Amino acid sequence: MVVGILIAVGALAQPSTRDVRLDLAERRFGLSGLTGGNIRTAVYFDKTWEDVRLECSCPARGIEIQSDGTLIGGNRKELVLLDPQGRRRASFPEPKNTSQIAWNHRTDTLAAIAFDRVTQEWVLEHWPFGSQRFTIVEPFGYTNGNEAFSTISWSPDGSAITYSKTGQIFLYTLADRQAVPIAEGSLPAWSPNGERIAYRDKDGYASVLNPRDRSSRVLIPNVLIRRGVRWSPDSAFALVTVLRPRASFHEETEFLIHRVSDGETTRIDPLVGGTTEDLVFWVVKHR
């Protein structure tokens with residue numbers, strides 16, 4: 001009987017990864033990415049999936065997939081907007097080539113790290129959706145033709161952009177056109193509720209910063225992450241890439257999903273066309 005009680009207590013003390021997955025399933029969440037360049041795959045936590053064939057191919061890294069499956073990105077010929085069924089909704093001549101792209105729906109404004117054909121360099125820029133009135137923030141300093149990986153992320157109200165460069169996180173406000181450093185690290189991501197900016201700190205941990213008072217803390221203790229953080233649409237979960245225990249050559253990484261409210265986590269295989277969180281996006285299953 002004593003042994004049975006100890007086993008029961010021990011079981012209760014263990015993190016319940018099943019509860020996290022049930023929580024994700026109840027919220028109708030899934031992850032989506034590109035497979036083969038022209039198939040958008042979505043895998044949901046209720047163990048269903050869908051494949052959508054796109055009308056045109058896009059490079060995986062220069063896109064953004066919205067929670068309803070809408071996709072926007074440059075395909076080296078034009079900027080395209082595809083609806084949730086993969087059909088072309090709109091296209092624009094510029095920018096043709098993007099390394100990163102972010103769309104703020106509240107202000108209908110886009111931001112991108114894009115190739116400027118006039119100056120022949122990569123720049124961070126923003127512009128009203130559908131127009132060609134670009135505002136260049138700064139050159140992005142890719143050297144020798146190599147793209148240094150970074151992210152850009154909007155504040156929910158569309159008033160500011162956060163991005164990383166040279167080992168620092170910057171906050172750029174559109175009103176005064178000024179960028180100020182706010183933390184040491186890389187790969188920032190603003191939570192959809194506006195309360196946190198997640199980033200990979202200088203020691204390799206997922207940390208979060210309060211954009212109001214600039215205070216910061218480690219979000220997921222004792223876990224080194226490979227790149228940055230991808231927030232769920234409700235800001236309740238953070239997706240990161242970690243090294244797989246006993247990793248093989250072909251399966252070095254896996255995803256860890258962290259529930260912010262209680263710190264519970266679950267590990268999952270990357271099954272949607274990308275092995276790192278920058279290549280996958282949260283989606284919500286339509287009813």
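What follows is calculated from the coordinates using simple rules that are stated; it is not laboratory data. The structure displayed is predicted, hence computed values, not measured ones. Positions of Cβ are backbone-derived with ideal geometry, glycine not excepted, and every protein chain shown enters the neighbour counts.
Based on alpha-carbon centroids, what's the gap between the range 202-254 and the range 80-94 in Å, whole number please?
The two parts, judged by their Cα centres, are 31 Å apart.
If contacts are Cα pairs under 8 angstrom and at least 6 residues apart, what is the relative contact order of the chain in percent?
On the way: 682 pairs, mean separation 42.5, N = 287.
That works out to 15 percent.
Per the helix-only calculation at 222 nm, which mean residue ellipticity applies to the chain, given -39500 (n - 2.57) for every DSSP H run of n ≥ 4 and division by its residues, nearest 500 deg cm²/dmol?
Mean residue ellipticity at 222 nm (helix-derived): -2500 deg cm²/dmol.
Using unit Cβ charges (K, R positive; D, E negative) and no other charged atoms, how large, in debye to the nearest 20, is the dipole of the chain about its Cα centre?
For the chain, the charge dipole is close to 280 debye.
Can you give the extra length, in nm with one decimal, that the chain gains between residue 53 and residue 108 once fully stretched, where that is 0.36 nm per residue apart less the Cα-Cα distance?
17.2 nm
Provide the three semi-axes, in whole Å and in decreasing order, of the ellipsoid equivalent to the range 157-287 as defined by the square roots of 5 times the Cα gyration tensor eigenvalues. It would help to have the intermediate numbers written out before the result.
On the way: eigenvalues 132, 58, 39 Å².
They are 26, 17, 14 Å, listed largest first.
How tilted is helix 2-13 with respect to the longest principal axis of the chain? Cα atoms for both, answer in degrees (0 to 90, nearest 10).
With both axes taken from Cα atoms, the answer is about 10 degrees.
Over the Cα atoms of the chain, how large are the radius of gyration and the largest Cα-Cα distance (Dmax), in Å?
That works out to 19.6, 78 Å for Rg and Dmax.
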